[in-house]
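Report on the following structure.
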Amino acid sequence: MNAQDPYAAYTAYAATRSACPVQAVPAGSEKRPTYLVTGYAQAREALTHPRLSKDTGVFFADGRSPRRLHPAVARTMLASDPPEHTRLRKLVTKAFTTGAVSQLRPFITRVADELLDQWPVGGPLDFVARLAEPLPVLVICRLLGVPQADQPALRSWSAQLFAAGEPEVIDTASHAVAGYMTDLIAAKRREPGTSLLDRLIEARDGEDRLSEEELVSLAVLLLVAGHETTTHALGNALLALLQHPAALDRLREDPDAIPAALDELLRFDAPVSTATFRFTTEAVTLGGTEIPAGVPVLVGLGAANRDPARFPAPDRLDLDRDAAAHLAFGHGIHRCAGAPLARAELEIALRAVLTRFPGIRVAVPPGRLEWRRTRLVRGLAALPVLTHPR
């Protein structure tokens, strides 16, 4: 897939999407086919289909996976079905309610301002390295009670977990981050605090609603999912605005319109290209295509968000569009629990940048932008910008 413009590939799918929105695709050395869902309606159905399981423990129970991922990474809440998923999700959703996120907004604003205080006027600088990456990391680490000195290592391991085509790097990083979280949990048991991780430890030790492996797994998932997708959403959103001057001018002149614009920005260039692994427990028919039992199904969230059957002229950024039904955060019981926090970070960061540096612009031609090369996430490795005040 073209990292610069994956939607070019989705355009090829679009030629047959109306007749074949679900199709078998090559899957490397796997003998079984893998099915890719690119149509919006079919994607929504797949994301909630009762015969599409996320329990990778069942799928790989026969030893089909040669990977050596740490169990805390391989068996997260995202890789579970009800009732286990329901039980685990209940333990974390309270941290991401609108009310809980509102309490974090002053901290998010302060962090964004402190990061922008360090920006040189004029630039150039890397927006990803100087804001899009550190802001979500600092926020989720505060929520989990991760010491600031440990955050650079965690950021590195988290990035390595998405290293496309480098299974050994991914496996090693999975053990490093899980090992760190195991040690942090032990430290918090010795000296309890008030963080979300402390509350999960209480649930494990007090009410015994979590196994130790589930506790470590939730900690890893919250850390990684709590910043990776927001980092990419921030970079993608700013780039989209910088490449669409009319939309940029609109939000620059009226920053209060940013919250309403977020849905279209997320639809236009979703930070997660493909939803995490699912497989059929029985034969399933989606979009007129029969998928046999026991095969992987990938839901192309980015492709579905560009389906003209749901979003007319989908390749146009239109801030007047009603894009609330986008799939950037998923759909159904596995919809991103941290979506309210991500939206708050996006709003606060974009408002701060456009207010303090209204003349910001991309410092390199589009073809020189560097994108992360990974199947799951869609984001910039770097976004060089010039930071003129006007």
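Read the figures in this text as sums done on the coordinates, not as results from a lab. All values reported here derive from a predicted model rather than from experimental measurement. Virtual Cβ from ideal backbone geometry, glycine too; neighbours counted across all protein chains shown.
Remarks
- Label zone at Arg189, where the point sits 7 Å out along the Cα-to-Cβ direction: segment 126-145 residues whose backbone N lies under 20 Å: 144-145
- For segment 333-390, the square roots of the Cα gyration tensor eigenvalues, ordered a ≥ b ≥ c, give a/c of at least 1.5 with a/b no greater than b/c, which places it in the oblate category.
- Cβ-based net charge around His331, under 15 Å, with every Lys or Arg adding one and every Asp or Glu removing one: +4
- Whole-percent P(r), segment 35-169, all Cα pairs, 10 Å bins from 0: 9, 25, 33, 25, 8, 1.
- The orientation-averaged projection of the convex hull spanning the C-alpha atoms of segment 156-292 amounts to 13.7 square nanometres.
- Computed per residue of the chain from DSSP H runs no shorter than four, each worth -39500 (n - 2.57), the mean residue ellipticity at 222 nm is -14500 deg cm²/dmol.
- Built amide H within the under 5 Å cut-off of Trp371, gap 5+: Ala381
- Segments 281-289, 131-139, 347-355 sorted - mean Cβ within 10 Å per residue, highest first: 131-139, 347-355, 281-289
- Protection proxy ranking of 292-305, 216-229, 184-197, 241-254 - average other beta-carbon atoms within 10 Å, highest first: 216-229, 292-305, 241-254, 184-197
- Charge context of Arg89, other residues only, Cβ under 14 angstrom, K/R +1, D/E -1: +3
- Equivalent ellipsoid semi-axes, the chain, via Cα gyration tensor eigenvalues times 5, rooted, Å: 31, 29, 18
- The chain, relative contact order in percent, only Cα pairs under 8 angstrom and at least six apart counted: 28 percent
- Computed 3J(HN,Hα) for segment 119-132, one whole-Hz value per residue from the Karplus formula 6.51 cos²θ - 1.76 cosθ + 1.60 where θ = phi - 60°, is 6, x, 5, x, x, x, 8, 9, 4, 5, 6, 9, 8, 4, glycine and proline marked x.
- Listed peptides 123-130, 102-109 appear in the order 123-130, 102-109 once ranked by packing, highest mean of other Cβ atoms within 10 Å at the front.
- The phi-based Karplus calculation (6.51 cos²θ - 1.76 cosθ + 1.60; θ = phi - 60°) puts the 3J(HN,Hα) values of segment 307-313 at 6, x, 5, 10, 10, x, 6 Hz, whole numbers, x for Gly and Pro.
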